[in-house]
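Notes follow the structure.
The values are calculated or read from the model by the stated rules, or taken from the named source; none is laboratory data. Predicted, not measured: the structure shown is a model, and the values here were computed from it. Using ideal geometry, Cβ is built from the backbone for each residue, glycine included, and neighbour counts are taken over all protein chains shown. Accessible surface is based on the protein model in full, side chains and every heavy atom, while ligands, DNA and RNA are left aside. Shrake-Rupley method; radii C 1.70, N 1.55, O 1.52, S 1.80 Å.
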Amino acid sequence: MKTVQKNVIIIGSGPAGYTSALYLARAGYSPLVIAGALTPGGQLMNTTEVENYPGFADGILGPDLMEAMQKQAEKFGAQILLNDVISVDFNGDLKAVTTDDGVTYTSKAVIVSTGSQVRKLGVPGEQEYSGRGVSYCATCDGFFFREKPIVVVGGGDSAFEEALFLTRFGSCVTLIHRRDSFRASKIMVDRARKNSKINFVLDSVVCSVNGVDGDAQSVTVKNVKTGETQNIEASGIFVAIGHSPSTSFLDGALDLNEDGTISVQGASTKTSVPGVFAAGDVVDSVYRQAISAAGMGCRAALDAQAYLNDLTDLNEQ
Ligand code: NAP
């Protein structure tokens, strides 16, 4: 098995990972960013206009923002690897990270910034019609539902953003939410309420996705207050009910919180293992913004640098 030693390894490539990479690269550490095989760039790659990342008065497309972050980190010497991490060994001073091509990378400091992955409904038909009507990305799949009825499930900013975006394609968009109030910001809710193509089905949960000949055709929805069920015609079913932290590859190597995020010490990015730091949505279940992830990525880079400097000082004594 091939083993390669690096100064510092960053696992994950969203705003947190690329910001850590930028800081560590500018500090001369030539960090290795293991960016992921399928989803380098993280969640912003599936977003359209980002209006709230400071510095872009006219907004910027999510993929463009991530490409710019990657280039900026590479410009100063970060190395980007398009592989997935399959296992880690954080015992001992030299941490080991193994990728899906069988290579093990080692370094004295590691930053975990793997973000989170889409949450699923877990109802009959969801898996069966995934890619045949059920989707988790309006930007990727909205186009396929031109002049067709669409439903969006969820009550957060993602659901509203997707519902508004999908009005460009669908004959109508029905937003189904399990409560009658929304987690989404007021500006998004107001925009959706003003859009005549969007209907709301509230206090309701999806019980199943139904289809014919392999394609989704409707969802069965139950009102949680009255118990009544109804079928809503839908060729596209966009699930936008949040995300779960991506930590399965850690296999218990770091302490996690009850909600599945990585536990860090106080306001730092220090995890339960010295030399391993964590930043972004994999740590943060509260703020979860590109800018807050980027900020935490900066802190992780500075924490990692301080750790590596302390190790050097100890060795020189
Ligand atoms: P979120 O804010 O966690 O909202 C998830 C929504 O899904 C909630 O309404 C939740 O209902 C619902 N939900 C969760 N599990 C469910 C289940 N099993 N069945 C049915 N419904 C379920 O997630 P998000 O919308 O993906 O947003 C994540 C973060 O990104 C937020 O901080 C958000 O502000 C941010 N964001 C910002 C923008 C923007 O500013 N343009 C765009 C997208 C996302 P309850 O409300 O009942 O819990």
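None of G122, G131, G115 is in contact with a helix residue (DSSP H, G or I) (Cβ under 9 Å, 6 or more places away or on another chain) and farther than 23 Å from L254 by Cα except G131.
More than 30 Å from N52 (Cβ to Cβ), open to solvent by 40 Å² or more (accessible area, probe 1.4 Å) and within 11 Å of the ligand (Cβ to nearest atom): is that true of V212 in this structure? Here the answer is no, as V212 does not meet what is asked.
A count restricted to the range 236-295 and to residues that are away from the ligand (no atom under 16 Å from the Cβ) and either part of a strand (DSSP E or B) or not assigned by the TED database to the domain that holds G17 (or both) stands at 7. Against the test of being crowded, with 21+ Cβ neighbours inside 10 Å, among the polar types (S, T, N, Q) and touching a residue at least 12 places away in the same chain (Cβ under 8 Å), the options S158, S171 yield a single qualifying residue, S158. Among the residues that make up the range 216-234, is at least one of them open to solvent by less than 50 Å² (accessible area, probe 1.4 Å), more than 22 Å from E161 (Cα to Cα) and either under 20 Å from the mean Cα position of the chain (by Cα) or without any contact (Cβ under 8 Å) to a residue 12 or more places away in the chain (or both)? Yes.
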